[in-house]
Amino acid sequence: MSANDDRDPLFRYDDPIFADERLLEITHLPGPDRIVGRDEQMQRVADALNPAIFGSEPNHLFIFGKTGTGKSLISRSVAKRVISEAKRDDVTVNYAFIDCGEQNTEASIVKTIAQLVNDPEQSGITVPDRGLGTGDYYKRLWQAVDRCTDVTIVILDEIDMLEDDEVLRKLSRAGENRRISDSSIGIIGISNKIDFPDHLSERVKSSLSRDELVFSPYDANQLVEILEKRRDAFHDGVLSGDVIPLTAALAAQEHGDARKAIDILRNAGRIAKKQNADRVTADHVRDAKEKTEADRFNELIEGSPQQAKAILYSLTILTENSTEKEFPTKIIYNQYKEVARRLGFDVLSERRVQEILQEQNFLNVIQSEREGRGRGRGAHAKHRLLENPVIVKKVLLRDSRLAPLEDDS
Ligand SMILES: Nc1ncnc2c1ncn2[C@@H]1O[C@H](COP(=O)(O)OP(=O)(O)O)[C@@H](O)[C@H]1O
Ligand SMILES: [Mg+2]
């Protein structure tokens, strides 16, 4: 302690739990020696990108699989390895990682790739944040790609969130259409939805030849191994013996999700730290699981308008107070009218409520099914909450505008 005696006592300088918490951050890219059980998938991605090492055009590739199966990790990891191998032969490979959940319009995607690839000193151009039309951003992109790289790998993560798939067609055709002449582009599209290619437009489907690859969920043993390789995020001896197996088992309950496993482990550490405990225990893990699920759900809905939250709340209390799991629009609407009145919200029409229920469906919060076929679509649809109602309710009540409902919970 003596060496630190002159430090400001307002702050803490030693972390009793974590040795290096960054190892558990979702954006952290672990080295190849910390990656478990993905040799085959890594090889397939490497095969697709291999031509890039010699400055040739890579094969386009689509990757599918549920959340937390390592899709983003393996794509980024292999792309980085391609870049460093190519460098040894003086071939310049660049990669642009785009999260289509955040950038989902054609213009913003093209702009972002151009900005990531462009080196103004080399290209003599800039890519301004605003002020250009989509067509002009494309022009800058082609210039940047041609002048700064031999090969550009574009990773489009959560590609099903794309507003318009035209960008796929333009990127994949750039060489053929002589938009670029001295370089080439390879696309890796990543999606949680296995049927994603069915939703592509015919134009894209026919122009984009590609390989496809599926990532299956991990089993509990693989999750244990993944977590073991991040154990050094914690100080020696801080994790009780049952922490990693329990975390893996909880994360494997729905589908073997490495993101959930790592998030639970990190939250367990944080909870222990907050309680001034000197070890992380199974109880911390159980609390962490609930927190992790609530945080994840919160991410899904926090941006939703208050009316959507009121509708979701209505479905939640119906689910809680009934043995039924599925409810027709009409029933939800009746419940919603009461909720909206209590909150002092305007009461929306049944039709509008139906529309909002369907938008929520898109967010994987609710599953909606039509009853029968054809006839009277909306009104006869049934809706089911996909999350634990206790957690949903808790998260919804975090919104102060819904707080008046707290009395009955
Ligand atoms: N095979 C693996 N080995 C080590 N860590 C992994 C593995 N698969 C996933 N992870 C980790 O789990 C988290 C989620 O992985 P990610 O690639 O984002 O999944 P996805 O993109 O499929 O949702 C990340 O922190 C990642 O580092
Ligand atoms: Mg991902």
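Values in this text are rule-based calculations from the coordinates and carry no lab data. Predicted, not measured: the structure shown is a model, and the values here were computed from it. Heads up, the Cβs are rebuilt from the backbone with ideal geometry, glycines too, and the neighbour counts pull from every protein chain shown.
For ILE187, the amide hydrogen comes within under 5 Å of the amide hydrogens of HIS60, LEU61, VAL154, counting only partners 5 or more places away or on other chains and with H modelled in the peptide plane.
Under the rule a/c < 1.5 gives rounded, and otherwise a/b versus b/c splits prolate from oblate, where does segment 303-408 land using the Cα gyration tensor? Prolate is the answer for segment 303-408, as a/c is 1.5 or above and a/b outweighs b/c. In terms of the mean number of neighbouring beta-carbon atoms within 10 Å, the peptides 279-286, 309-316, 206-213, 328-335 order highest first as 309-316, 279-286, 328-335, 206-213. If you take the charge dipole of the chain about its Cα centre, with +1 on Lys and Arg Cβ and -1 on Asp and Glu Cβ, which of TYR336, LEU315, THR27 is farthest toward its positive end? So the residue we want is TYR336. Ordering VAL224, THR247, PHE64 by Cα displacement along the dipole of the chain toward the positive end leaves PHE64 in first place; charges were set at the Cβ atoms of Lys, Arg (+1) and Asp, Glu (-1). Computed from point charges on the beta carbon alone (+1 for Lys and Arg, -1 for Asp and Glu), the dipole magnitude for segment 252-409 about its Cα centre is near 240 Debye. Applying Stokes-Einstein at 20 °C and 1.002 mPa s to the Kirkwood radius of segment 1-66, computed over alpha-carbon pairs, gives a translational diffusion coefficient of 128 µm² s⁻¹. Charge dipole of segment 218-300 (Cα centre as origin; +1 on each Lys and Arg Cβ, -1 on each Asp and Glu Cβ, all else neutral): 260 debye, rounded to the nearest 20. When the P(r) of segment 217-326 is calculated, the portion above 19 Å amounts to 52% of the C-alpha pairs.
Taking amide H as placed 1.01 Å from N in the peptide plane, ASN364 has no amide H partner under 5 Å among residues 5 or more places away or on another chain. P(r) for the chain, from all Cα pairs and a bin width of 10 Å, is 4, 18, 23, 24, 21, 9, 1, 0 %, short bins first.
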